[in-house]
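Novice: Here it is, the structure, as structure tokens.
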């Protein structure tokens, strides 16, 4: 099985479909060749559990979409595995590994250095730097970023030229080449998304994590963004992305993981997942097909309501009589 | 006409003064912090004072000049580490709070009478106790030289030698900063200034880079402090909060995040102050403003200038307006 998952074959949609069809469509299912494995990751904000994922594997070389209603914990989950946040369960059974390297305690920068690069929901283009400078910052292992070497141009000049050539190539691919000397702050929202993605690619990542890459992008640009993402996959990169637009998800993802209220509730191909009752519940609520029309209300409920109304009326009357302790008691009752 | 010429002379003297050069060096350091990296260091005067103390105290106790310089740098280096380790992982404002209080702690410790044998307490350390090894290095010989109307002794306490060394150091520091900021390392600094998290997501060790910037700017501050005390004496109060604010004023006037901004800003700051002071002295009768009051008045005018610069030309004289148009 793993030999099927190597990068050249992942360009063939048929191979991908066959491979993923053999994977069980249950939350936390085992993948033939997982690049990212997450175990028991919990994040609590006060009493609220934002993320509580027992097990998730991400298959190498395909596009995995992470969907879920607002507040499902998708972005928090991204922050946790990329080192921008610490799980509450850290040291208490939280483990996640990328390409076999354990990431439990690593910082955001070393996660990126290990080959897992992310973008942000609110784009972090460095607006007061040129597009080119933004790109150049993405490259890894630059000798000129070492303080001692930085003062001597011969030590990094050649590498700088190489990095620049690579940046030009990527900018060309993302249709940003003519903007290369403009400040990133002058770009449109969609162009910033493109720039951020291109910048992430400067580091030659093995896996790229996109947090809502289509948010705020106009439909024309969405098309080109989508094809960029597909090209990346066809080149052998693993893509994990958060998205709200179901058309987009259905269109490009090979596998979909669904989160709701911090938990992983379903996994499977786009079609399987969208007919999964757990997913429909998550999006529409568990009682979405219960009619709450008048005639359906049971007598029991009616009796309950009548009782409440009577109690309310009695209290109002007491209040009108001006008993001093009544308002307080009424306030407590309301709680 | 004569008064006017005198005012010009006073301005020119202030322009080439070693103290102006010393502050310029400290401002170059502050520019590495605030201008390029976005570190809000409100205690540059503390770095200066530590440099001056390290330098003066070691020479006063019989150590050779290079060792004294090393002690000055070492003190600032430790200071930067101690300030940076707890605060650089936090948001920028914390660094500002910690640096301003730490600089004040240094100043008040220097004034402690229990340390009289060491720092000279409130009296400070007179220049005669540490200056000699420096003047001994002079190859300018004795006598005095008159360039235009600037007439100073060649070596002396406050002569051409100290001016020459001070301004050469300004030039060297500027070249150093230029070499640093045009490199990929400098690009990282500007990236960190814009958005730390973005740089972190690209796999860079933000904490280490910020620490390097803090140390480099601090060392430049210490060098400024050493030059500052050469023609005078080490006085803790000369390098207090107001010195930090003078540095910020000079930096903002000249233009933050530029290579020549700090030098231009320092020169303009000091000459403008002398200009205001001398004009007020010469043309405003004593009954309205005494000469002691003109001193304070000059600082008020400089403060107003700072406000006008920040409101109407936030990028300073040399800064790039376009860079400021985009609020990150």
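The values are calculated or read from the model by the stated rules, or taken from the named source; none is laboratory data. No experiment lies behind these values; they were computed from the predicted model shown. Neighbour counts run over all protein chains shown; Cβ positions are idealised from the backbone, glycine included.
Novice: Test residue B:160 against the stated conditions and say whether it is under 24 Å from residue A:152 (Cβ atoms) and modelled with pLDDT of 90 or more.
Specialist: On the way: under 24 Å from residue A:152 (Cβ atoms): no; modelled with pLDDT of 90 or more: yes.
Answer is no for this residue.
Novice: Looking at the range A:67-99, which of the residues that are in contact with a helix residue (DSSP H, G or I) (Cβ under 7 Å, 6 or more places away or on another chain) and either modelled with pLDDT under 85 or farther than 15 Å from residue A:52 by Cβ (or both) is farthest from the other protein chains (Cβ to nearest Cβ)?
Specialist: A:69
Novice: Just need a number here: residues in the range B:163-186 that are part of a helix (DSSP H, G or I) and either touching a strand residue (DSSP E or B) at 6+ places or on another chain (Cβ under 9 Å) or within 14 Å of chain A (Cβ to nearest Cβ) (or both).
Specialist: First pass over the range B:163-186, keeping only residues part of a helix (DSSP H, G or I): B:163-181, B:184-186.
From what is left, the residues that are either touching a strand residue (DSSP E or B) at 6+ places or on another chain (Cβ under 9 Å) or within 14 Å of chain A (Cβ to nearest Cβ) (or both) are B:163, B:172-181, B:184-186.
Going through the range B:163-186 one residue at a time, the tally reaches 14.
Novice: Testing residue B:234 on (1) without any contact (Cβ under 8 Å) to a residue 24 or more places away in the chain; (2) more than 12 Å from chain A (Cβ to nearest Cβ); (3) in contact with a strand residue (DSSP E or B) (Cβ under 7 Å, 6 or more places away or on another chain), one condition comes back false. Which one is that?
Specialist: Failed condition: (1).
Novice: Among the residues of the range A:159-167, are any surrounded by 19 or more Cβ atoms within 10 Å (Cβ to Cβ), farther than 24 Å from residue B:177 by Cα and away from chain B (no Cβ under 11 Å)?
Specialist: Yes - at least one qualifying residue is present in the range A:159-167.
Novice: Let me confirm something: among B:189, B:219, which residue is in a helix (DSSP H, G or I) and either away from chain A (no Cβ under 14 Å) or under 25 Å from residue A:159 (Cβ atoms) (or both)?
Specialist: Within the list B:189, B:219, the selection yields B:189.
Novice: State the number of residues belonging to the range A:11-54 that are surrounded by 15 or more Cβ atoms within 10 Å (Cβ to Cβ) and under 20 Å from residue A:263 (Cβ atoms).
Specialist: Selection size over the range A:11-54: 20.
Novice: Further question on the same structure: With the checklist (1) buried (at least 22 other Cβ atoms within 10 Å of the Cβ); (2) in contact (Cβ under 8 Å) with a residue 40 or more places away in the chain in hand, flag the one item residue B:199 doesn't pass.
Specialist: The failed condition is (2).
Novice: Check off (1) under 25 Å from residue A:234 (Cα atoms); (2) within 12 Å of chain B (Cβ to nearest Cβ) for residue A:176 and give me the number that stays unchecked.
Specialist: Every condition holds for residue A:176 apart from (2).
Novice: Hey, residue A:149 hits all of (1) in contact with a helix residue (DSSP H, G or I) (Cβ under 8 Å, 6 or more places away or on another chain); (2) in a helix (DSSP H, G or I); (3) within 11 Å of another protein chain (Cβ to nearest Cβ); (4) under 21 Å from residue B:197 (Cβ atoms) but one; which does it fall short on?
Specialist: Failing condition for residue A:149: (4).
Novice: From the set of residues in the range A:116-128 that are touching a strand residue (DSSP E or B) at 6+ places or on another chain (Cβ under 7 Å) and at the interface with chain B (Cβ under 10 Å from one of its Cβ atoms), which is farthest from residue A:204 (Cα to Cα)?
Specialist: A:128
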